[in-house]
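Peer 1: Structure incoming, see below.
The values are calculated or read from the model by the stated rules, or taken from the named source; none is laboratory data. Just so you know, these numbers come straight off a predicted model, no measurement behind them. In this analysis, Cβ positions are derived from the backbone assuming ideal geometry, glycine residues included, and neighbour counts consider all displayed protein chains. Each accessible area value is taken on the protein alone, full model and side chains, heavy atoms only, with ligands, DNA and RNA left out. Shrake-Rupley method; radii C 1.70, N 1.55, O 1.52, S 1.80 Å.
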Amino acid sequence: MGAWAIAVHGGAGVDPNLPKERQEEAKRLLTHCLDIGISALRSNLRAIDVVELVVRELETNPLFNSGRGSALTDNGTVEMEASIMDGPKRRCGAVSGLSTVKNPVSLARLVMDKSPHSYLAFSGAEDFAKKQGVELVDNEYFITEDNVGMLKLAKEANSILFDYRIPTVGTCGAGAAAMESPLQMNGLPISVYAPETVGCVVVDKEGRCAAATSTGGLMNKMTGRIGDSPLIGSGTYACDLCGVSCTGEGEAIIRSTLAREVGAVMEYKGLNLHEAVDFVIKNRLDEGKAGLIAVSKNGEVACGFNTTGMFRGCATEDGFMEVGVW
């Protein structure tokens, strides 16, 4: 019997001027989700069940960018995506383009468990959801007043807003900053901060690793855009060595297959988890901005990011628990 470990994230890239009360609200939610995961692990739930349970909780709360509270497309609608992976046999499921599924991560789990495929998207994923009897809601359920306001700012700035939850005070200046940002995505200007995707990684007492990631994507993204979160090996990966969930600039994460890289350098370079996370953040992102959380089969937990901050929390069986932003 090994030792369990769990980590959660609410996205890499944090506004340095984020009000203290918003920081504390985020930390309370992450602590709550860690407590849910810890209780499940103590009840001997498998890692794959725990990551789904925790991400469902994050999707239900509008604080972060997944499920309710998802970022809006340039048409003002929500298109959500998620993935989940079970390390022991590298089984996986992923979904994109969801507009009515209340908990995208659970549909990704059903794709893994109840379909012959690994990835379903848009109308095909919605049809599959109906056949599986998952809970469906109107698209308006996911749309919040804050996000409507942020979409308006993004359109006025003619830009994709990465950190769409920058406080409304002074946000006209934030729009202008987005236009002048030195950062680029595929050659086009973007603002400085990353979207608040959510994720969870777990290793259970049996040494089984699992990972899950869920997001609404980028504010003011083009309709039909698919990011890293549903892409196995990029935003999510789990194997017999580790489980990884990523967040940040999706296009950079995709190009670097960031999540898989952690497992690859552990396997082929013989690095431990902390060394592997540090290596990929420093050497695989080029000029991209991102972060990740990871666990190993040995009960280690690690996180890494090259952004201003990352909403994150982790806990291990020996009593260690930490929640942080910066």
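Peer 1: Output the relative contact order of the range 219-299, whole-number percent, from Cα pairs under 8 angstrom with separation of 6+ residues.
Peer 2: Computed value for the range 219-299: 32 percent relative contact order.
Peer 1: Let me ask something else. Can you tell me, using C-alpha contacts under 8 Å and at least 6 residues apart, the relative contact order of the range 31-150 as a whole percent?
Peer 2: RCO, the range 31-150: 22 percent.
Peer 1: Considering only the other residues whose Cβ falls under 13 Å of the Cβ of SER115, what net charge follows from Lys and Arg at +1 and Asp and Glu at -1?
Peer 2: Net charge around SER115: +2.
Peer 1: A further question on this structure: In degrees, nearest 10, range 0 to 90: what is the angle between the Cα axis of helix 171-180 and the longest Cα principal axis of the chain?
Peer 2: 80 degrees
Peer 1: Separate question: How do LYS155, LYS114 stack up against each other in accessible area, from largest to smallest, with a 1.4 angstrom probe?
Peer 2: Ranked list, largest accessible area first: LYS114, LYS155.
Peer 1: What does the charge count around GLU275 come to, taking other residues whose C-beta lies under 15 Å from its C-beta (Lys +1, Arg +1, Asp -1, Glu -1)?
Peer 2: Charge balance in the 15 Å sphere: -1.
Peer 1: Rank these residues by their accessible area, most exposed first, probe 1.4 Å: THR213, THR223.
Peer 2: Per-residue accessible area, sorted high to low, gives THR223, THR213.
Peer 1: Kindly express, to the nearest 10 degrees and within the range 0 to 90, the angle between helix 122-132's C-alpha long axis and the longest C-alpha principal axis of the chain.
Peer 2: That helix lies at roughly 50 degrees to the long axis.
Peer 1: With every protein chain kept in place and ligands, DNA and RNA left out, what is the accessible area per residue of the range 65-133? Probe 1.4 Å, answer in Å².
Peer 2: Value for the range 65-133: 37 Å² per residue.
Peer 1: Hey, another quick one. Please state the relative contact order of the chain as a whole percent: Cα pairs under 8 Å, 6+ residues apart?
Peer 2: 27 percent
Peer 1: With viscosity set to 1.567 mPa s and temperature to 4 °C, compute the Stokes-Einstein D of the range 1-159, Rh being the Kirkwood radius across alpha carbon pairs; µm²/s, no decimals.
Peer 2: Using the Kirkwood radius from Cα pairs, D works out to 76 µm²/s.
Peer 1: Based on alpha-carbon atoms only, what is the radius of gyration of the range 213-326 relative to the globular estimate 2.2 N^0.38 Å?
Peer 2: 1.04
Peer 1: Return the carbon/sulfur percentage of the accessible area of the chain, one whole number, probe 1.4 Å, all protein chains in place.
Peer 2: 50 percent
Peer 1: Given LYS102/LYS131; LYS89/LYS114; LYS269/LYS297; LYS27/LYS297, which pairs have Cα atoms separated by over 20 Å?
Peer 2: LYS27/LYS297, as the Cα separations exceed 20 Å there.
Peer 1: Angle check, please: helix 258-269 long axis (alpha carbons) against the longest principal axis of the chain (alpha carbons), in degrees 0 to 90, nearest 10.
Peer 2: Between helix and principal axis, roughly 40 degrees.
Peer 1: Taking a probe of 1.4 angstrom, what is the accessible area of SER123 in Å², to the nearest 10?
Peer 2: 80 Å²
Peer 1: Taking the Cα atoms of the range 274-313 alone, what are Rg (to one decimal) and Dmax (as a whole number) in Å?
Peer 2: Using the Cα atoms of the range 274-313, the pair Rg, Dmax is 10.4, 32 Å.
Peer 1: With viscosity set to 1.306 mPa s and temperature to 10 °C, compute the Stokes-Einstein D of the chain, Rh being the Kirkwood radius across alpha carbon pairs; µm²/s, no decimals.
Peer 2: In µm²/s, the coefficient rounds to 84.
Peer 1: Taking a probe of 1.4 angstrom, what is the accessible area of ASP127 in Å², to the nearest 10?
Peer 2: Approximately 80 Å² of ASP127 is accessible to the 1.4 Å probe.
Peer 1: Still on this structure: Calculate how many DSSP beta bridges within the range 15-132 are antiparallel, expressed in % of all such bridges and rounded to the nearest 5.
Peer 2: Within the range 15-132, antiparallel bridges account for around 65 percent of the total.
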